[in-house]
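The values are calculated or read from the model by the stated rules, or taken from the named source; none is laboratory data. Just so it is clear, the model here is predicted, and its values are computed rather than measured. For neighbour counting, all protein chains shown are included, and Cβ atoms are generated from backbone atoms with ideal geometry for every residue, glycine included.
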Amino acid sequence: MTATAPRTQTTPVAPQASPARRFLVQLLSRYSLVILWVLMLLAITAMAPEIAPVSILRTVLSQITPVILLGLGVVIAMAVGEFDLSFAGIFGISAIALPSLAVLYGWPVWAAALGSIAIALLLGLINAILVVVVGINSVVVTLGVSSIAGGLAFLISNETTVSGLDLSLAAISNGRLLGLPLLFWYGLVLVAIVTYVMAATPVGRHMVFVGSNRQVAALAGVAVSRIRIGAYLVSALLSGLAGVLIAIGNGGFNPGSATAYLMPTFAAVFLGTVAVVPGRFNPVGMMIAAYFLISGVFGLQLLGLTGWVTEVFYGTALILAVTISHLVQRRVRT
């Protein structure tokens, strides 16, 4: 009897995607939000043909710079695994402290600006101590600090809008460069700096490491507590800086208006995780998402939809952004 060789069962090999297809998939995964933003701007241009496209772009880019600065602080905190709800409150008290100290209490403007930044850093330090050192839940601490900051903002302003800053100072924030306010360029420069730090420095790599797994990062010799404390301080510093710049640009501030920046900022931060670096909180993605959202609001305004529609739009955008961010992050981890 002749022995027959055993039959081997071969597994079919899936065809490899072509380089062009892989490039297209990667391009869409990183820059689909940019493509959607461009399409939205084109739609807005079609809706308002009497407005020059350049004017529409300048109008969009001239808005919500506070959201860019606030979003940077939230991105830094989220990148290290922290949740900061106090940024709007810190922004508000810094913005009202400057005109209050200068107009109501007679401080020199430069001293009032430094005092506003100091208040922001103090609140950031309280966040860091209670969350990192004491170990209290970050949501509870930062929500409480935000409420305290909001109450103190009304206290130092005598519960009213404070104005009266020298109008010549407004050029610091509202001066124009290439047709855009200096606030836009400040935001752009800060986004570039934070992007470089997070992507190309040891500190940035440690931030990502801590955000991914604190225990493993500590075993690897990373100063986890120092990174987390630094994140809270930088977040508070950026919030304070945003407050100072807005107060100078407007000549004053209304302490009750700070909470209006809460929803747009969170929506931009979470929606930004689907752009540029999918699955990660990143400054460039946050900036793109912020202007994508303001373009949507601008389009609604052209349609005559204002007031409650804006709130619904930002709320819906936040829910969708968090959902998409969760799905993208789960896919990246898988």
key: region 175-185 - residue that is under 21 Å from the mean Cα position of the chain (by Cα) and touching a residue at least 24 places away in the same chain (Cβ under 8 Å) and, of those, surrounded by the fewest Cβ atoms within 10 Å (Cβ to Cβ)   = LEU180
task = Any residue in region 19-43 that's over 20 Å from LEU293 (Cβ atoms) and hydrophobic (A, V, I, L, M, F, W, C): show its pairings with residues that are at pLDDT below 70 and surrounded by fewer than 14 Cβ atoms within 10 Å (Cβ to Cβ) at Cβ separation under 9 Å, as long as the two are six or more apart or on different chains.
result = VAL25/ALA17
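Only one of ILE76, ILE117, ILE96 is in contact (Cβ under 8 Å) with a residue 12 or more places away in the chain, of a type outside the set (S, T, N, Q) and within 30 Å of ASN213 (Cα to Cα); which? Quick ask: steps written out before the conclusion?
Values: ILE117 fails: within 30 Å of ASN213 (Cα to Cα); ILE96 fails: within 30 Å of ASN213 (Cα to Cα).
Of the residues listed, the single one that is in contact (Cβ under 8 Å) with a residue 12 or more places away in the chain, of a type outside the set (S, T, N, Q) and within 30 Å of ASN213 (Cα to Cα) is ILE76.
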request  = Out of ILE172, ILE148, ILE129, report the one residue that is at pLDDT below 90 and assigned to a helix (DSSP H, G or I).
outcome  = ILE172
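Being modelled with pLDDT under 75, in contact with a helix residue (DSSP H, G or I) (Cβ under 9 Å, 6 or more places away or on another chain) and either part of a helix (DSSP H, G or I) or of a type in the set (Lys, Arg) (or both) narrows it down to one residue among SER100, SER32; which is it?
Details: SER100 fails: modelled with pLDDT under 75.
Testing whether each residue is modelled with pLDDT under 75, in contact with a helix residue (DSSP H, G or I) (Cβ under 9 Å, 6 or more places away or on another chain) and either part of a helix (DSSP H, G or I) or of a type in the set (Lys, Arg) (or both) leaves just SER32.
Residue-wise test of (1) out of contact with any Pro (no Cβ under 8 Å at 6 or more places or on another chain); (2) within 25 Å of LEU188 (Cα to Cα).
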| residue | (1), (2) |
| --- | --- |
| ARG228 | yes, yes |
| LEU233 | yes, yes |
| VAL244 | yes, yes |
| GLY252 | no, yes |
| ALA258 | yes, yes |
| MET287 | yes, yes |
| LEU293 | no, yes |
| LEU303 | yes, no |
Residues within region 40-85 that are over 11 Å from the mean Cα position of the chain (by Cα), among the aliphatic types (A, V, I, L, M) and assigned to a helix (DSSP H, G or I), tallied = 13
request  = For region 156-169, enumerate the residues that are loosely packed, with under 13 Cβ neighbours inside 10 Å, not in a loop (DSSP other than H, G, I, E, B) and not small (Gly, Ala, Ser).
outcome  = LEU167
key: region 151-169 residues that are β-branched (Val, Ile, Thr), paired with ones that are surrounded by 13 or more Cβ atoms within 10 Å (Cβ to Cβ) and in a loop (DSSP other than H, G, I, E, B) (beta carbon under 6 Å, 6 or more apart)   = THR161/ASN254
ask   = With respect to SER257, is the statement that it is among the polar types (S, T, N, Q), surrounded by fewer than 22 Cβ atoms within 10 Å (Cβ to Cβ) and part of a helix (DSSP H, G or I) true?
value = yes
